[in-house]
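One structure is given here, and the rest of the page talks about it.
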Amino acid sequence: MHFDFTDLRLFVHIAEAGNLTQGAAQTFLSAPAASARIRALEAGLEAQLLYRGNKGVSLTQSGETFLRHARIILRQIDYLRDDFTGSDSDTSGHVRIFANTTAITEFMPEVLAKFLASRPGVTIDIQERLTQDIVRAIRDGTADLGIVSGDVDQTGLEAIRFSTDRLLLAVPEKHALAERKSVGFADTLAFEHIGLHDGSTLLAFLRGLMEKNGYDRALRVKLRSFEAMCRMIEAGVGIGIIPESAARRHTKTMRIALVSIDDSWALRERYVLVRSLAALPGAGRALVDELVQNAAGGRK
């Protein structure tokens, strides 16, 4: 079996783009050269890594395994370069982040804007993932930082708490629940719910709760953002569970009411997960500090 770092980078780029030509371009190779490299890689591994179709490529099970190891190797090379070039500062480098829906939409844009403004040499790759995928990625080294909320298996990881995430029920102003100070989640299931898109962490969490409480209907509407959810709620399409930070912001411009949820899971701690804080490159450690300081400044 023979492959080099170019093969690893090429495969990662192709897997992330879902397209051989685009992956080749990102690796500064022609499409024929990239195709030849991938076929040689598959021959050396004696395994098919990609399914090839008219609309692009997708990973086989062997491809998923190879992608995981390729990312780990490339990240370790980055760390090695930092250690031996004296560039382990917070002003350069690349940080890969897997985060839940609330982090992606509610506070990471502001955090990253401030963080990157003074660090032109730092690049960020941030992806929305489900909680179990975030934890797995930190454990196997395919991501540097994971941002999660609630009860999470932290075994073998370092978890840095940085803020609290409270979930509220949002309803139209004249809804039957609008005058309630608080409500149990089970009592909300008599009404039609709307939620976030498939693949969002919050939707996956709430679906599990709905199944436990016998909510056997499909969500009336699924949307891409909390703002879109609030607009649907304002129009009377349904009710929804929304993080407090988003909910209170949208009450300023929309006719919706917020109701506390009695269930203990509605109050969730937020954590940054890492394998080892000390082993992170300088930019990674500085970003963790930025998150903690941002939360201490009063933002949720």
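Observations on the structure shown:
- Inter-residue pairs, beta-carbon under 7 Å, first more than 19 Å from Asn54 (Cα to Cα) and in segment 1-23, second of a type in the set (Asp, Glu) and not in a loop (DSSP other than H, G, I, E, B), 6+ apart: none
- Residue in segment 251-300 that is farthest from the chain's Cα centre (by Cα), counting only those that are in a helix (DSSP H, G or I), among the β-branched types (Val, Ile, Thr) and outside the structural domain of Glu234 (by TED's automatic domain parsing): Val292
- Members of segment 121-150 found to be without any contact (Cβ under 8 Å) to a residue 24 or more places away in the chain and of a type outside the set (Lys, Arg), listed by number: Gln132
- Residues that are touching a Phe, Trp or Tyr at 6+ places or on another chain (Cβ under 9 Å) and either within 15 Å of Glu16 (Cβ to Cβ) or modelled with pLDDT under 90 (or both) within segment 55-82 comprise Val57, Ser58, Leu59, Gly63, Phe66, Leu67, Ala70, Ile73, Leu74, Ile77, listed in sequence order.
- Meets criteria (in contact (Cβ under 8 Å) with a residue 60 or more places away in the chain and touching a Pro at 6+ places or on another chain (Cβ under 9 Å)) for Ala266: no
- Ile147 being more than 13 Å from the chain's Cα centre (by Cα) and in a strand (DSSP E or B): no
- Enumerated helices (runs of 4 or more DSSP H) restricted to segment 183-236, each holding at least 3 residues that are touching a residue at least 60 places away in the same chain (Cβ under 8 Å): 201-212, 226-234
- Residue list for segment 99-142, restricted to those being exposed (fewer than 13 other Cβ atoms within 10 Å of the Cβ) and among the hydrophobic types (A, V, I, L, M, F, W, C): Ala113, Ala117
Quick grid of which residues meet (1) assigned by TED's automatic domain parsing to the domain that holds Ser35; (2) among the aliphatic types (A, V, I, L, M); (3) on the phi > 0 side of the Ramachandran plot:
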{"site": "Leu50", "(1), (2), (3)": "yes, yes, no"}
{"site": "Thr60", "(1), (2), (3)": "yes, no, no"}
{"site": "Arg81", "(1), (2), (3)": "no, no, no"}
{"site": "Gly93", "(1), (2), (3)": "no, no, yes"}
{"site": "Phe98", "(1), (2), (3)": "no, no, no"}
{"site": "Ile126", "(1), (2), (3)": "no, yes, no"}
{"site": "Ile134", "(1), (2), (3)": "no, yes, no"}
{"site": "Asp140", "(1), (2), (3)": "no, no, no"}
{"site": "Leu145", "(1), (2), (3)": "no, yes, no"}
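- Of the strands (runs of 3 or more DSSP E) lying entirely inside segment 1-105, not one is found with 2 or more residues being in contact with a Lys or Arg (Cβ under 6 Å, 6 or more places away or on another chain).
- Filter result for Arg180 (surrounded by fewer than 14 Cβ atoms within 10 Å (Cβ to Cβ) and in contact (Cβ under 8 Å) with a residue 60 or more places away in the chain): no
- Any pair with Cβ under 8 angstrom, 6 or more apart, that starts in segment 101-112 at a residue that is within 10 Å of Ile147 (Cα to Cα) and ends at one that is among the acidic types (Asp, Glu): Thr101/Glu128; Thr102/Asp165; Ile104/Glu128
The values are calculated or read from the model by the stated rules, or taken from the named source; none is laboratory data. In this text, all values refer to a predicted model and were calculated from it rather than measured experimentally. We place every Cβ from the backbone using ideal geometry, glycine too, and count neighbours over all the protein chains shown.
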